[in-house]
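Trainee: Before I ask anything, let me first share the structure, which is written out below as structure tokens.
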């Protein structure tokens, strides 16, 4: 019996309608992952409506938005957390500031997962493919790439803020081929929204072999929800270069630019972590002349 027949069997009409909507949500057809014009404006408008609540939950701050171009092509690269809510907040901020919705690129495995693939497509996210990325940049889009991918997102919490980009050179070749500047961005806090005891893909590969569909891990948050960690985004200055499109096939030049980007990313991460530590120290230090909260007069050396 098909699921549509099941919905007609003694199920209240309202519940049947809701279940039907859920089951029919995934409208993916092979080839949709290449559609550059695909986006669900209704879903994007919902995200805009809920953005203030999400920002408040994570006490979200963004520095360096002025480094995003108001027009023209750019490759925006960032670190990757378990739930990339930071990416959605950054995309929303860019839309609010410049009327531009960045186009995300994602791993091909996403398009093998029902419902999740439709959600990604509704956000305008397409397959991380050289031809797709080049076509978007030639349309003067901002392309958002998280080079570390799901492997970086599901790494053990012991490796927080470690960029797993060593062999991820595709975004550099794409930038060289199209002449698009590379804009580094990091989010401090995103690696702490969940605790991961194990490296999800290392475990999955040991069990199922190379390139498993999903990681084997258990992200620990507030149940399924992320922990309300403060998220702070830092967007760095665009990294420009004088390479020719054909230099994308020169391994030495690609590696050199890759090192520049990694250096800029790690510098932003270091700055963000130091800034967070500085603010935490300031918040925990009593104001000059003020006694410790809850301390008795005898315990306060400033009192006589």
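The values are calculated or read from the model by the stated rules, or taken from the named source; none is laboratory data. Computed from a prediction, not measured in an experiment: that's the story for all the values here. With ideal geometry, Cβ positions are generated from the backbone for all residues, glycine too; neighbour counts draw on all protein chains shown.
Trainee: Taking only pairs six or more apart or across chains, which ones have beta-carbon atoms under 7 Å, a first residue in the stretch 141-164 that is on the phi > 0 side of the Ramachandran plot and in contact (Cβ under 8 Å) with a residue 12 or more places away in the chain, and a second residue that is buried (at least 19 other Cβ atoms within 10 Å of the Cβ) and outside any loop (DSSP other than H, G, I, E, B)?
Mentor: That search, which allows pairs on different chains as well, returns 161/191; 161/269.
Trainee: Can you tell me which residues in the stretch 126-147 are surrounded by 23 or more Cβ atoms within 10 Å (Cβ to Cβ) and assigned to a loop (DSSP other than H, G, I, E, B)?
Mentor: The answer is 146, 147.
Trainee: Quick check on my filter: what residues within the stretch 58-85 are over 25 Å from residue 139 (Cα atoms) and outside any loop (DSSP other than H, G, I, E, B)?
Mentor: Of everything in the stretch 58-85, those that are over 25 Å from residue 139 (Cα atoms) and outside any loop (DSSP other than H, G, I, E, B) turn out to be 58, 61, 62, 63, 85.
Trainee: Any residue that is loosely packed, with under 14 Cβ neighbours inside 10 Å and either out of contact with any helix residue (DSSP H, G or I) (no Cβ under 9 Å at 6 or more places or on another chain) or at pLDDT below 90 (or both) - is there at least one of those in the stretch 85-97? Give the derivation first.
Mentor: So the first thing to find is which residues in the stretch 85-97 are loosely packed, with under 14 Cβ neighbours inside 10 Å, and the list is 96-97.
If we keep only those that are either out of contact with any helix residue (DSSP H, G or I) (no Cβ under 9 Å at 6 or more places or on another chain) or at pLDDT below 90 (or both) too, we end up with none.
Looking for residues that are loosely packed, with under 14 Cβ neighbours inside 10 Å and either out of contact with any helix residue (DSSP H, G or I) (no Cβ under 9 Å at 6 or more places or on another chain) or at pLDDT below 90 (or both), one finds none in the stretch 85-97, hence no.
Trainee: What pairs can you find where one residue is in the stretch 54-82 and on the phi > 0 side of the Ramachandran plot and in contact (Cβ under 8 Å) with a residue 40 or more places away in the chain, the other is in a loop (DSSP other than H, G, I, E, B) and surrounded by fewer than 16 Cβ atoms within 10 Å (Cβ to Cβ), and their Cβ atoms are less than 9 Å apart, with a gap of 6+ or different chains?
Mentor: 59/228; 59/230; 64/237; 72/140
Trainee: Can you confirm whether residue 189 is surrounded by 14 or more Cβ atoms within 10 Å (Cβ to Cβ), at pLDDT 85 or above and at positive phi? It would help to see each step written out before you state the result.
Mentor: Values: surrounded by 14 or more Cβ atoms within 10 Å (Cβ to Cβ): yes; at pLDDT 85 or above: yes; at positive phi: yes.
Spelling it out, residue 189 is indeed surrounded by 14 or more Cβ atoms within 10 Å (Cβ to Cβ), at pLDDT 85 or above and at positive phi.
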